[in-house]
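First up is the structure itself, then whatever we jot down about it.
The values are calculated or read from the model by the stated rules, or taken from the named source; none is laboratory data. Given the structure is predicted, the values throughout are model-derived calculations rather than measurements. Cβ placement follows ideal geometry from the backbone for every residue including glycine, while neighbour counts extend to all protein chains displayed. Heavy atoms of the whole protein, side chains included, go into the accessibility calculation; ligands, DNA and RNA do not. Shrake-Rupley method; radii C 1.70, N 1.55, O 1.52, S 1.80 Å.
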Amino acid sequence: MNLIDKQLVQNKMNNRIIKSRIMRTVFFLATSFGIAVLAVLLYRVFSQGLPYLDWQFLTNFASRFPEEAGIKAAIFGTLWVMAVTAPVSIVLGVGTAIYLEEYAKENKFTRFIRMNISNLAGVPSVVFGLLGLTVFVRLLEMGRSVMAGGLTMSLLIMPIIVVAAQEAIRSIPQNQYEASYAMGATKWQTVRRVILPAAIPGMLTGSILALSRAIGETAPLLTIGAMSFVAYVPGSIRDSFTVLPIQIYNWTGRPQEEFHIIASAGIIVLLVALILMNSIAVFIRNKFSKRY
Amino acid sequence: MAVNVKELMKEKKSNRSLQTFTEKAAPAFFLVCSIVSILATIGIVLTLLIETITFFTRVPFMEFITGTTWWPFGENPSFGILPLISGTLLITVIAMIVAIPFGLASAIYLSEFASEKVRKVVKPILEILAGIPTIVYGFFALTFVTPLLQVFISDLPIFNALSAGGIVGVMIIPMIASLSEDAMSSVPNSMREGALAMGSTRLEVALKVVVPAALSGIISSFVLGISRAIGETMIVSVAAGSTPTLTLDVTESIQTMTGYIVQVVLGDASYGTTTYYSIYAVGMTLFLFTLLMNLLSQYISRRFKEDY
Amino acid sequence: MTNAPENKQVTITNTIEPDKEDKKTIYSIDNFNLWYGDNQALYDVQLDIPVNKVTAIIGPSGCGKSTFIKSLNRLVELVPSVKMSGSIKYNDKEIFSPKFKVEDLRTSVGMVFQNPNPFPKSIYENVVYGPKTHGIKKKKILDEIVEKSLKEAALWDEVKDRLNENAFGLSGGQQQRLCIARCLAIEPEVILMDEPTSALDPISTTRIEELVQELKKDYSIAIVTHNMQQAARISDRTAFFLNGEVIEYNDTDKLFSNPDDKRTEDYITGRFG
């Protein structure tokens, strides 16, 4: 007695195979959707903004007249903010990662720090802006300065750097520690002379990616009150500033089509900078990966 | 020529005080670094809490959470947050309607169907998609997607929930795709082989074996996506408008919690006014919403973690 | 594990006559127990390691021989859950005593590991890692140390023209000799070797074995090996570990030709392990 009707199974099999093939195509098309949107977005921005992109655009200050407007202040503002954010966030992020991976004992406090960092990574950036506005701008009386903006950004991207640095440290095999300790090196000597040099490529990759996120961020800096119409280059960290995304936001918000075109040009500059940073990060990752 | 290393090392040992100092100072410094992250959290909570309390001395708590009108300006202000919450949820729902199917389908395709070659091309593209600044998406929503939608929906206003929410969804696709794919890739191959060996098709393996096995990771990626959509600021403040409306109509102009905060800080509400404090009350609500989602996502991925 | 008839093959290969009078020991281990969490890995280990001899530690996988050798320089403590009791004396000093700094112990006890583990630095930097760690900075002295250590490790002629190249470019056997040179650079008294040839090809293995014979003139060596012929070839004394216990500790030729314990005999004749 046959419990299974082979003929029936066979008939159904064909349907199942066809269904599988159809769904494969559906899944592929769904995946292509994201790529298609990206392609349209890039085409749109580049076709609109590229003709406007010239030396004058890069070296002019903001202006009421679209044909004279440029992004000099925004470029320098972004550089100034990064000059604060990069060292602060990297030192804090890498320091935290070293503490968690090398020194922290497995106890409640350590678990609390870990949980805290992963939750901090999920806080909306505009809330970091409120923190910056209250603590840096008002309480510490930094005003709407490069300093306040840079510190706000540092706190925002610190969790990303912590996670990347932790991964970089974890990828170092145990035998490197053993080799160093076996020669009578102390913990700090081992960290400084073996672990840090070996983890630096990974830490660098993570930091560059985190900074590229910071360069594109708008909301926190809007919230602390970075200005959108700045006709000078900041001279110190106490000066007020604007950044590229805020400039783009400002132009996007205007009704005239001409300003949308220069917003596109600004976006091209922003995207080129980001792609450049990402390429550097990927290059470092590939060059130094799989060494052990 | 004989160098007596041992003697030399003994000599150096005598002046080790600096070394003992750094040996103790280094961990202390790193501890301080990690405490900064705690200070940041405390700073966020305290900031929001203190200013929110000030806000509630002026506006009754019940009016805030049950009021259906949000009109913070002019003579007769009204601070009922429900329109901002409904605006935020409307954007979130639209975003998830876009992000979940496309994100999950991409994850299934990449993890179960795609060849190594395709994966190598598609994954970096998704990474680029994830790395595009939100202001660029906002610009795209306002200047391309809305005009495109206006072709089909003739009376669609320039600022509307549909276009903003849709683009928020596109922004979240790579996140859901990559987190879900991670979850699915960690399902051991032996499970796939077991099902394939019994004559299952690729599709059946994907939907009946891999997806259920990776479900906790997939769901937690959805929840994280929701959290991102709730907290998204630039797309909605550029493209969704600034009219707090209690509505479920996706073609209307609305305002989200994040959009309101940006509107007020740009409008330069003077320090000490009720409007100024209201951004903290809204920020607090926003913070609680996203915190809840983040904790939920962590709980799901930990509680229902499959051990293979 | 090999099945070769060990007891027939054993011939004394060491050139120095074992000096029965010279009982000088560098390590004396007494009643030593060790746990990983709740699992006991070593039981009442009791043995003395003699000066300027090669002491081999043999036994099947998981018998605790690696744990034991890593206890001698307290490297086993890198495992967080480890607990110990009993005494290990190095030059008559208790190594677990708070007065005896672990860094000082490890400075005079070098170690070579199962897999070559050079640092991702140049050959030169690998060798001077130890001396630099201990405060020697003068380039001239470091140069001398590098030459001397690499010569001792029989690697000098192969690498003298490319000292600044990355150590990862060396072959496995060369890397292992570099690790030996790195360990010799701080002039230890004892060298611990944890299966130093298990990851190497036969030719490199022979070179390392020759090197061990050479080194025992100046150093006391303890070597863990799962290769019984190797133990028979290069060691003076051999300890046989089984399930965390020392079953037998004897002169190598005695242990391999006429073991006292039945279990030792079973193991060396290849009945298990």
Requested in this report: Working carefully through the options A:172, A:195, A:160, find the one that is touching a residue at least 24 places away in the same chain (Cβ under 8 Å) and open to solvent by 20 Å² or more (accessible area, probe 1.4 Å).
Outcome: A:160
Report summary line: Looking across segment B:128-148 at residues that are surrounded by fewer than 18 Cβ atoms within 10 Å (Cβ to Cβ) and more than 8 Å from every other protein chain (Cβ to nearest Cβ), the single one that is modelled with the lowest pLDDT is B:130
Query raised in the report: What helices (runs of 4 or more DSSP H) completely inside segment B:12-125 contain at least 3 residues that are within 19 Å of residue A:33 (Cβ to Cβ) and within 14 Å of another protein chain (Cβ to nearest Cβ)?
Result: B:82-108
Requested in this report: Could you tell me whether residue B:288 is surrounded by fewer than 23 Cβ atoms within 10 Å (Cβ to Cβ), within 11 Å of chain A (Cβ to nearest Cβ) and within 18 Å of residue A:125 (Cβ to Cβ)?
Outcome: yes
Query - Residue ID - nearest to the other protein chains (Cβ to nearest Cβ), chosen from residues in segment A:96-133 that are among the hydroxyl-bearing types (Ser, Thr, Tyr), farther than 30 Å from residue B:134 by Cβ and surrounded by fewer than 23 Cβ atoms within 10 Å (Cβ to Cβ) - result: A:103
Report summary line: Only one of (1) more than 14 Å from chain B (Cβ to nearest Cβ); (2) at pLDDT 90 or above does not apply to residue A:45, and that is (1)
Query raised in the report: Looking at segment A:208-229, which of its residues are buried (at least 24 other Cβ atoms within 10 Å of the Cβ), more than 9 Å from chain B (Cβ to nearest Cβ) and either hydroxyl-bearing (Ser, Thr, Tyr) or outside any helix (DSSP H, G or I) (or both)?
Result: A:226
Requested in this report: Output the number of residues of segment C:155-173 satisfying the condition of being more than 14 Å from every other protein chain (Cβ to nearest Cβ), in a helix (DSSP H, G or I) and free of Cβ contacts under 8 Å to residues at least 24 places away in the same chain.
Outcome: 3
Report summary line: Residues in segment A:139-154 that are within 11 Å of chain B (Cβ to nearest Cβ) and at pLDDT 95 or above total 3
Report summary line: Scanning segment C:206-229 residue by residue, those assigned to a helix (DSSP H, G or I), closer than 20 Å to residue C:51 by Cα and in contact with a strand residue (DSSP E or B) (Cβ under 7 Å, 6 or more places away or on another chain) turn out to be C:212, C:215
Query - Tally of residues being part of a loop (DSSP other than H, G, I, E, B) and more than 10 Å from the chain's Cα centre (by Cα) across segment C:184-196 - result: 5
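Residue by residue, here is whether (1) over 17 Å from the mean Cα position of the chain (by Cα); (2) at the interface with chain A (Cβ under 8 Å from one of its Cβ atoms); (3) part of a loop (DSSP other than H, G, I, E, B) holds:
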{"site": "B:223", "(1), (2), (3)": "no, no, no"}
{"site": "B:227", "(1), (2), (3)": "no, yes, no"}
{"site": "B:244", "(1), (2), (3)": "yes, no, yes"}
{"site": "B:248", "(1), (2), (3)": "yes, no, yes"}
{"site": "B:254", "(1), (2), (3)": "yes, no, yes"}
{"site": "B:277", "(1), (2), (3)": "yes, no, no"}
{"site": "B:280", "(1), (2), (3)": "yes, yes, no"}
{"site": "B:292", "(1), (2), (3)": "no, no, no"}
{"site": "B:300", "(1), (2), (3)": "no, no, no"}
**Report entry** Complete set of residues in segment A:6-18 that are loosely packed, with under 14 Cβ neighbours inside 10 Å and either facing another protein chain (nearest Cβ under 9 Å) or in contact with a Leu (Cβ under 6 Å, 6 or more places away or on another chain) (or both)
**Finding:** A:9, A:13, A:17
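Here is a yes/no grid of residues against (1) more than 12 Å from chain B (Cβ to nearest Cβ); (2) small (Gly, Ala, Ser); (3) in contact (Cβ under 8 Å) with a residue 24 or more places away in the chain:
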{"site": "A:237", "(1), (2), (3)": "yes, no, yes"}
{"site": "A:241", "(1), (2), (3)": "yes, no, yes"}
{"site": "A:252", "(1), (2), (3)": "no, no, no"}
{"site": "A:262", "(1), (2), (3)": "no, no, yes"}
{"site": "A:266", "(1), (2), (3)": "no, yes, yes"}
{"site": "A:275", "(1), (2), (3)": "no, no, no"}
Query raised in the report: Quick one: residue C:73 ticks every box in (1) touching a residue at least 60 places away in the same chain (Cβ under 8 Å); (2) open to solvent by 10 Å² or more (accessible area, probe 1.4 Å); (3) more than 13 Å from chain B (Cβ to nearest Cβ) bar one, so which box is it?
Result: (2)
Report task. Working only within segment C:149-175, note down all residues that are under 18 Å from residue C:108 (Cβ atoms) and open to solvent by 30 Å² or more (accessible area, probe 1.4 Å). Result -> C:152
Report summary line: Just one listed residue, out of C:239, C:232, C:199, is more than 14 Å from chain B (Cβ to nearest Cβ) and in a loop (DSSP other than H, G, I, E, B), and it is C:199
Query raised in the report: residue B:154 passes all but one of (1) among the hydroxyl-bearing types (Ser, Thr, Tyr); (2) more than 8 Å from chain A (Cβ to nearest Cβ); (3) buried (at least 19 other Cβ atoms within 10 Å of the Cβ); which number fails?
Result: (3)
Query raised in the report: From the list C:178, C:192, which residue is open to solvent by less than 20 Å² (accessible area, probe 1.4 Å), within 10 Å of another protein chain (Cβ to nearest Cβ), touching a helix residue (DSSP H, G or I) at 6+ places or on another chain (Cβ under 8 Å) and not aromatic (Phe, Trp, Tyr)?
Result: C:192
Report summary line: Of the residues in segment C:100-122 that are out of contact with any strand residue (DSSP E or B) (no Cβ under 8 Å at 6 or more places or on another chain) and farther than 22 Å from residue A:171 by Cα, the one that is surrounded by the fewest Cβ atoms within 10 Å (Cβ to Cβ) is C:101
Query raised in the report: Within segment A:61-83, is even one residue over 18 Å from the mean Cα position of the chain (by Cα), part of a helix (DSSP H, G or I) and either closer than 30 Å to residue A:171 by Cβ or within 11 Å of chain B (Cβ to nearest Cβ) (or both)?
Result: no
Query raised in the report: So which residues in segment C:230-273 are at pLDDT below 90 and open to solvent by 10 Å² or more (accessible area, probe 1.4 Å), if there are any at all?
Result: C:269, C:270, C:271, C:272, C:273
Report summary line: Only one of C:80, C:98 is over 26 Å from residue C:213 (Cβ atoms), out of contact with any helix residue (DSSP H, G or I) (no Cβ under 7 Å at 6 or more places or on another chain) and facing chain A (nearest Cβ under 9 Å), namely C:80
